[in-house]
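Asks: Okay, here's the structure, questions in a sec.
Here, each number is a calculation from the coordinates, and none is a lab measurement. For clarity, every value in this text was computed on a predicted model and none was experimentally measured. Heads up, the Cβs are rebuilt from the backbone with ideal geometry, glycines too, and the neighbour counts pull from every protein chain shown.
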Amino acid sequence: MRHFLTLADYTKDEILEILDLAKQIKEETKRREFKDYMPKQTLGMIFEKSSTRTRVSFETGIYQLGGVGLFLSSNDIQLGRGEPMSDTSRVISRMVDMVMIRTFEQSKLEEFAHHSKVPVINGLTNEYHPVQLMADYMTIQEAGLEENLVVAYVGDGNNLAHSWLNMAAKLGFELRIATPKGYEVDEKILEVALEAAKESGAKIVISNDPKAAVKDATVVTTDTWVSMGQEDEKEQKVKEFEGYMVDNAMMNIADDKAIFLHCLPAYRGYEVSEEVFESEKSLVFQEAENRLHAQKGVMVWLDKQRNV
C-alpha cells in the first residue's frame, strides 16, 4: 500500500502520472462531469494545524470524487487528549478509506502511516508540503514552462523549500534556493536531494544571494517569512530577510516569460510586493485552485494502487 508522505518516495514517472490524472480530472470538472472515482469512500482529515486551502480543497475534492470528508480537529478527537498517534491510526484507519493529516513533526505523520490500514496523505508538516508542490508543478505545466525550467525559490528554507528540493531532484530541472544566513534548508534533506539529482540530472544551487537565484529564472516563488506558530519571530525575521522581497526589480531580472508563484497566505510588503502579487505574471490563484485538482489526482491514484 502506498502513502503520500514526501515526494522523495516517488519516481519521476509516478509524479507525472499523478499530474496527468489530475489534469484529466480537472478538465472533467470544468465540463461539470463529476465521475465517481471514489464512490461512498470516506476521507478522514486530521488537522493539528488549521488551514483554509487544505481543508476546502480536500473536502471539496473527495465530495466531487463521490465520497465524503470528515473534518477531525485534534481538539475534537482523542489525539488532542493524549492518545498515542499509533492508537489513533489503528482506530481511524479501520473506519475510513483514506486519511489526510496536517500536523507538525514529519515523524508523527510517519508513525500514523506505519500503523494505518489505509493510504495516508501529508497535508503539511514542519518538514514537507508535497501536495502544494503537485499544485505548483501543475501550474507550471499549464503555463507551458516545463522545458528548460529554472525555478528560483527566495525566502525561508522551510517545508516548501524542502519539497522544491524533492521535486527538482526527481524531475530533473534547475532549482536555485536563496535564503538569508541562518535560514538555510535542512542539510540532511539537501543531501538526499543532491544524491537523487545525480540520477535525474537536476541542477540544485543553494546560496544567500536572491538576485543571483532569480536572474533569468522562468519561475520565481516564495513563501511567508513567518509560518504559523512563529508570530513572535516576525520583527526579527523582517530585519533578517531584508532584500528578499520579490518585487518588480527582482522580477525584471528573471526571464521575460517568468511567472510568480506563492502557496498563500501572502503578506504584501514582506515576502512579495503588491505590484508583483497582482501582476499578470502572478498565477497564485490558478495555483491555489490547482490544490483541488492535484489532490484529487493524488487521492484517485492512491486508491487505484490498492487494486494493483
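Asks: Please state the relative contact order of segment 154-230 as a whole percent: Cα pairs under 8 Å, 6+ residues apart?
Replies: 41
Asks: Note down the relative contact order for the chain as a percent, whole number, built from C-alpha pairs under 8 angstrom at least six residues apart.
Replies: 21
Asks: Next question, about the same structure. Considering only the other residues whose Cβ falls under 9 Å of the Cβ of T222, what net charge follows from Lys and Arg at +1 and Asp and Glu at -1?
Replies: Taking every Cβ under 9 Å from that of T222, the sum is -3.
Asks: In whole Å, largest first, what are the principal axis extents of the Cα atoms in segment 162-308?
Replies: Computed over the Cα atoms, the extents are 52, 37, 32 Å.
Asks: Assign unit charges at the C-beta atoms only (+1 for Lys and Arg, -1 for Asp and Glu), then state the dipole size of the chain relative to its Cα centre in Debye, rounded to the nearest 20.
Replies: 1040
Asks: Using the Kirkwood radius over Cα pairs, work out the Stokes-Einstein diffusion coefficient for segment 89-152 at 25 °C and 0.890 mPa s, in µm²/s as a whole number.
Replies: 182
Asks: When the chain is fully extended, how far beyond the present Cα-Cα distance does K188 get from R94, taking 0.36 nm per residue of separation?
Replies: Full-extension gain reported as 30.4 nm.
Asks: What translational diffusion coefficient, in µm²/s and rounded to a whole number, does the Stokes-Einstein relation yield for segment 84-227 at 4 °C and a viscosity of 1.567 mPa s, taking the hydrodynamic radius as the Kirkwood radius over Cα pairs?
Replies: 80
Asks: For L70 and E142 in the same chain, what is the full-extension length gain: residue separation times 0.36 nm, less their Cα-Cα distance, in nm?
Replies: 22.8 nm
Asks: Based only on other Cβ atoms within 10 Å, what is the fewest-to-most ordering of L21, L16, L175?
Replies: L16, L21, L175
Asks: Sticking with this structure for a sec: How big is the Rg/Rh ratio for segment 1-73, C-alpha atoms only, Rh by Kirkwood, two decimals?
Replies: Reported Rg/Rh, Kirkwood definition of Rh: 0.99.
Asks: List, in order, the whole-Hz ³J(HN,Hα) value for each residue of segment 292-297 obtained from phi through the Karplus relation with A = 6.51, B = -1.76, C = 1.60 and θ = phi - 60°; use x for Gly and Pro.
Replies: Whole-Hz 3J(HN,Hα) from phi for segment 292-297: 4, 6, 4, 5, 5, x.
Asks: At a 10 Å Cβ-Cβ cut-off, how would you order Y37, Y63, Y270, fewest neighbours first?
Replies: Lowest to highest Cβ neighbour count: Y63, Y270, Y37.
Asks: Give me, ordered by chain and number, the residues 5 or more places off Y10 or on other chains with an amide H under 5 Å from its own placed amide H.
Replies: Distant-sequence amide H within range of Y10: zero hits.
Asks: Continuing with the same structure: Test of the criteria: in segment 7-42, which GluC sites (Glu not before Pro) are in a DSSP loop and have at most 10 other Cβ atoms within 10 angstrom of their Cβ?
Replies: E33
Asks: What number comes out for the charge environment of K257, summing +1 per Lys or Arg and -1 per Asp or Glu over other residues with Cβ under 12 Å away?
Replies: Here the count lands on -4.
Asks: Between segment 43-110 and segment 149-165, what's the alpha-carbon centroid distance in Å?
Replies: 26
Asks: Next question. Of H262, H162, how do they rank once you tally other Cβ atoms within 10 Å and put the fewest first?
Replies: Starting with the residue having the fewest Cβ neighbours, the order is H262, H162.
Asks: OK, next. Semi-axes of the chain's equivalent ellipsoid from the Cα gyration tensor, sqrt of 5 times each eigenvalue, largest first, rounded to whole Å?
Replies: Square roots of five times the eigenvalues give 31, 22, 18 Å.
Asks: Here's another thing I want to ask about it. Between I121 and residues 5 or more places away or on another chain, which pairs have amide H atoms under 5 Å apart, with H built 1.01 Å from N, and which residues are they?
Replies: So I121 has HN proximity to F4, V99, M100, I101.
Asks: Take the residue pairs K181/K203; K26/K108; K181/K234 and return only those whose Cα atoms are more than 24 Å apart.
Replies: Flagged as over cut-off: K26/K108.
Asks: Sticking with this one: Taking the Cα centre of segment 144-282 as the origin, how large is its charge dipole in debye, to the nearest 20, when only Lys and Arg (+1) and Asp and Glu (-1) carry charge on their Cβ atoms?
Replies: 260
Asks: With a 10 Å cut-off between alpha carbons and a GNM built on the chain, which of D76, D255, D97 moves the most?
Replies: Comparing D76, D255, D97 in the GNM, the peak value goes to D76.
Asks: Taking the Cβ of L194 as the centre, find all other residues whose Cβ is under 15 Å away and add up their charges (Lys, Arg: +1; Asp, Glu: -1).
Replies: Net of charged neighbours comes to -2.
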